[in-house]
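Q: Here's a structure for you.
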Amino acid sequence: DQQVKQNSPSLSVQEGRISILNCDYTNSMFDYFLWYKKYPAEGPTFLISISSIKDKNEDGRFTVFLNKSAKHLSLHIVPSQPGDSAVYFCAATHSGTYKYIFGTGTRLKVLA
Amino acid sequence: KAGVTQTPRYLIKTRGQQVTLSCSPISGHRSVSWYQQTPGQGLQFLFEYFSETQRNKGNFPGRFSGRQFSNSRSEMNVSTLELGDSALYLCASSLALGTSGVNEQFFGPGTRLTVL
């Protein structure tokens with residue numbers, strides 16, 4: 001039962017343009033969401049997060065949007081840079097469960 | 001501050017053997033989680049420890065076990081290895097996962113386990 005889904009395994013974007021990565025979830029109990037970036041041979045690195053009481057969180061070039069009614073979140077990267085090329089994972093948790101559910105990841109390639 | 005370290009980085013075992021992986025969290029972090037990453041499956045949660053207590057466990061068979069020591073270092077053990085256990089095993093630490101406002105996990109580089 002995949003409670004967190006990233007339906008696009010890969011995405012290619014031109015440098016300078018916007019990258020939009022999507023994530024859907026099924027468990028309405030999730031109340032905190034995170035995005036991680038992973039380079040080959042390294043562990044995932046925390047990027048940005050959002051609580052379910054918000055619908056948007058911004059940090060520099062990265063913005064996460066949460067649509068609770070649609071059980072959907074997205075990560076926007078503007079402008080995209082070649083160094084952003086990596087695998088991006090979204091994750092969700094229900095406070096007090098001490099457990100994160102990760103999506104299967106989206107490989108982003110930013111073309112110079 | 002040193003990051004999360006995992007040893008060994010690479011491991012080759014044969015079916016039926018057992019393996020122990022080690023994780024040293026960031027100094028001061030008391031929560032340690034373990035994940036299995038396989039192609040196409042993302043990160044699958046194995047278990048989480050805090051102050052030597054397992055607080056949650058994923059849907060893995062009993063062959064997968066773990067423990068945490070008083071210094072917060074953690075080990076996971078897989079017994080009777082199967083070919084399907086070949087994966088990248090990731091450890092993540094957090095200051096106090098679950099405490100209000102504390103949700104960020106810091107990951108180690110992982111241990112690549114290959115079962116032949």
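None of the figures in this text is laboratory data; all of them are computed from the coordinates on show. What you see is a predicted model, and the numbers here were worked out from it, not measured in a lab. Every residue, glycine among them, receives a Cβ derived from its backbone with ideal geometry; neighbour counts consider all protein chains shown.
Q: In sequence order, what are the phi-derived ³J(HN,Hα) couplings for region A:11-24 according to the Karplus relation 6.51 cos²θ - 1.76 cosθ + 1.60 with θ = phi - 60°, rounded to whole Hz, with x for glycine and proline?
A: 8, 10, 9, 6, 3, x, 8, 8, 10, 10, 10, 10, 8, 10
Q: What is the distance in Å between the Cα centres of region A:22-53 and region A:95-112?
A: About 5 Å separates the Cα centre of region A:22-53 from the one of region A:95-112.
Q: Checking the a/c ratio against 1.5 first, then a/b against b/c, what shape does the Cα gyration tensor give for the protein assembly as shown?
A: Prolate, since a/c reaches 1.5 and a/b exceeds b/c.
Q: Follow-up. Net charge near B:LEU88: determine it from the other residues with C-beta under 12 Å of the C-beta of B:LEU88, scoring Lys and Arg +1 and Asp and Glu -1.
A: That works out to +1.
Q: Can I ask one more? Within a 10 angstrom radius of each residue's Cβ in B:48-55, how many Cβ atoms of other chains show up on average? Whole number is fine.
A: 1
Q: Through the Karplus equation 6.51 cos²θ - 1.76 cosθ + 1.60, θ set to phi - 60°, convert the phi angles of region A:44-57 into ³J(HN,Hα) values in whole Hz; use x for Gly and Pro.
A: Couplings: x, 10, 4, 10, 7, 9, 8, 8, 5, 7, 10, 10, 7, 9 Hz.
Q: Place a point 7 Å from Cα of A:LEU111 in the direction of its Cβ. Which residues in region A:7-49 have their backbone N less than 18 Å from it?
A: A:9-21
Q: Further question: Mind giving me the nanometre distance, one decimal, between the label points for B:GLN54 and B:GLU82, set 7 Å out from Cα along Cα→Cβ?
A: 1.7
Q: Given N residues in chain B, what is its alpha carbon radius of gyration divided by 2.2 N^0.38 Å?
A: Working it through for chain B, the quotient is 1.01.
Q: I want the local charge near A:HIS94. Using Cβ-Cβ distances under 14 Å, sum +1 for each Lys or Arg and -1 for each Asp or Glu among the other residues.
A: +2
Q: Test of understanding: extend the Cα→C-beta vector of B:THR38 to 7 Å, then name every residue of region A:98-112 with backbone N under 12 Å from that spot.
A: none
Q: Here is a further query. Which one of A:LYS71, A:LYS56, A:LYS99 has the biggest mean-square fluctuation once chain A is modelled by GNM with Cα springs under 10 Å?
A: A:LYS99
Q: Using the beta-carbon distance between A:ALA41 and A:SER69 and R0 = 30 Å, what value does 1/(1 + (r/R0)^6) give for FRET efficiency, to the nearest 0.05?
A: The value I calculate is 0.15.
Q: Compute the length gained on full extension between A:ASP31 and A:ASP59: take 0.36 nm times their separation in residues and subtract their Cα-Cα distance, giving the result in nm to one decimal.
A: Working it through step by step, the gained length comes to 8.1 nm.
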